Amino acid sequence: MSILTEISENLQRGKAKVVKELVQQAIDQGIPVQQILDEGLLDGMNVIGEKFKNNEVFVPEVLVAARAMNMGAALLKPLMKDAGVEAAGKVCIGTVKGDLHDIGKNLVKMMMEGKGLEVIDLGTDVAPETYVQTAIDQGCQIICCSALLTTTMGMMGEVVKKADEAGIRDKVKIMVGGAPVTQAFCDQIGADRYTPDAATAADVAVSICQASA
């Protein structure tokens, strides 16, 4: 079995220490960084993402797999710049103002990182201006807004408004999600995409970034 397959399989099992050791071995063997990332770490996270979508694994498994991925990725990060490895795209994510729930947001972030996207996590209780300013300053292609409360989901409409006012709507797509959010609500506030779960959100984000590349 190749070392990259081993990385992928151990990542799926959430064996962070083993993944870290295997990634180091792969680096020492001179395997290209992009290949370790794609065929090892991202391959493993893709499997977890699909299983999560199909209810074959649940949040705890995703969390341990993501932790394993992050430990492996930490070794690759310093080498990626030298190797000229570019992130698949750049996203900023946060839970909207007035809402402190972050499990869903964190899952989406992990799934997106698992697809090779660079994710700037703004945390919870994020003001509309903060999303927009971050997207401008950091050159993000996507703003992702999460809400768990019906009382706070209206804030997503404010984010769309602020993005309009800042004149970035042609360059930056706005994705929305969370328990009370629906496609109808997304259409009503003029956001670009609604996704029902974290794995789908990551797939959609990649396709948006590819389209704008």
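The values are calculated or read from the model by the stated rules, or taken from the named source; none is laboratory data. All of these numbers come straight from a predicted model, not from anything done at the bench. FYI the Cβ positions are ideal-geometry reconstructions off the backbone, even for glycines, and counts take in every protein chain you see. Note: areas computed on protein heavy atoms with side chains; ligands, DNA, RNA excluded. Shrake-Rupley method; radii C 1.70, N 1.55, O 1.52, S 1.80 Å.
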- Message: Please pick out the residue among Gln138, Gln133 that is open to solvent by 50 Å² or more (accessible area, probe 1.4 Å) and farther than 30 Å from Gln35 by Cβ.
- Response: Gln133
- Would you confirm whether any residue within the range 82-100 is more than 25 Å from Ala135 (Cβ to Cβ) and out of contact with any Pro (no Cβ under 8 Å at 6 or more places or on another chain)? yes
- Task: Test Leu149 against the criterion of being out of contact with any helix residue (DSSP H, G or I) (no Cβ under 9 Å at 6 or more places or on another chain) and in contact (Cβ under 8 Å) with a residue 12 or more places away in the chain, and give yes or no.
- Result: yes
- Query: Which condition breaks for Gly154 when tested against (1) of a type in the set (Gly, Ala, Ser); (2) more than 19 Å from the chain's Cα centre (by Cα); (3) open to solvent by 60 Å² or more (accessible area, probe 1.4 Å)?
  - Reply: (3)
- Item | Subset tally (residues that are open to solvent by 60 Å² or more (accessible area, probe 1.4 Å) and not basic (Lys, Arg)) for the range 7-45 | 12
- If you take the residues of the range 70-93 that are touching a Lys or Arg at 6+ places or on another chain (Cβ under 7 Å) and not β-branched (Val, Ile, Thr), which of them is modelled with the lowest pLDDT? Ala88
- Out of Cys144, Cys92, report the one residue that is closer than 23 Å to Ala198 by Cα, among the hydrophobic types (A, V, I, L, M, F, W, C) and touching a Ser or Thr at 6+ places or on another chain (Cβ under 8 Å). Cys92
- Message: I'd like to check something: does the range 53-64 contain any residue that is part of a helix (DSSP H, G or I) and over 25 Å from Pro180 (Cα atoms)?
- Response: yes
- Note on the structure: Within the range 160-213, residues touching a residue at least 60 places away in the same chain (Cβ under 8 Å) and not hydrophobic (A, V, I, L, M, F, W, C) come out as Gly177, Gly178, Asp197, Thr200, Asp203, Gln210, Ser212
- Message: With the requirement that a residue be outside any strand (DSSP E or B), open to solvent by less than 20 Å² (accessible area, probe 1.4 Å) and more than 23 Å from Ala211 (Cα to Cα), what does the range 87-122 give you?
- Response: Asp99, Lys105, Leu107
- Task: Answer yes if at least one residue in the range 107-117 is without any contact (Cβ under 8 Å) to a residue 24 or more places away in the chain, closer than 23 Å to Thr200 by Cβ and under 12 Å from the mean Cα position of the chain (by Cα), and no otherwise.
- Result: yes
